[in-house]
Amino acid sequence: MSTGDGIRVRRVYEQSEPADGARVLVDRLWPRGLSKADAQLTEWCKDVAPSSELRRWYHHQEERFEAFAERYREELAGESAQQALERLREHAADGPLTLLTAVKEVPLSHAEVLAEVLREER
């Protein structure tokens, strides 16, 4: 889990906490074995997730993370991603924002890159 400037990154499978604030799932696919009630989401924001092609190419191979992060930032410049980023900015302006992902290695995830992008804009 990372924190900073009111933006956190956590696994969606972790128990929700009052400090989470807005809980936004930023994965394109719904997490396996998790009910919508258990997720306790504010929103599911698929449009900021990496493309399926990029996600398959990266396949959470640590040696590809830097290239993945660069390509993902390029994808975030697209129109649909920019609209979704604006929603996340609104959540962050209203209070704490927790970006949720199902990936096991959160520090090497798109959610961590996304949090960095949002923090850079503040």
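Readers should treat all values here as calculations from the given coordinates under stated rules, not as data from a laboratory. Keep in mind it's a predicted model, so treat the numbers as computed, not measured. Cβ placement follows ideal geometry from the backbone for every residue including glycine, while neighbour counts extend to all protein chains displayed.
Do you know which residues across segment 105-122 are assigned to a loop (DSSP other than H, G, I, E, B) and surrounded by fewer than 18 Cβ atoms within 10 Å (Cβ to Cβ)?
Across segment 105-122, the qualifying residues are GLU105, GLU121, ARG122.
Would you confirm whether or not segment 9-24 contains a residue that is under 26 Å from GLU79 (Cα atoms) and touching a Cys at 6+ places or on another chain (Cβ under 8 Å)?
The answer is yes; a qualifying residue exists.
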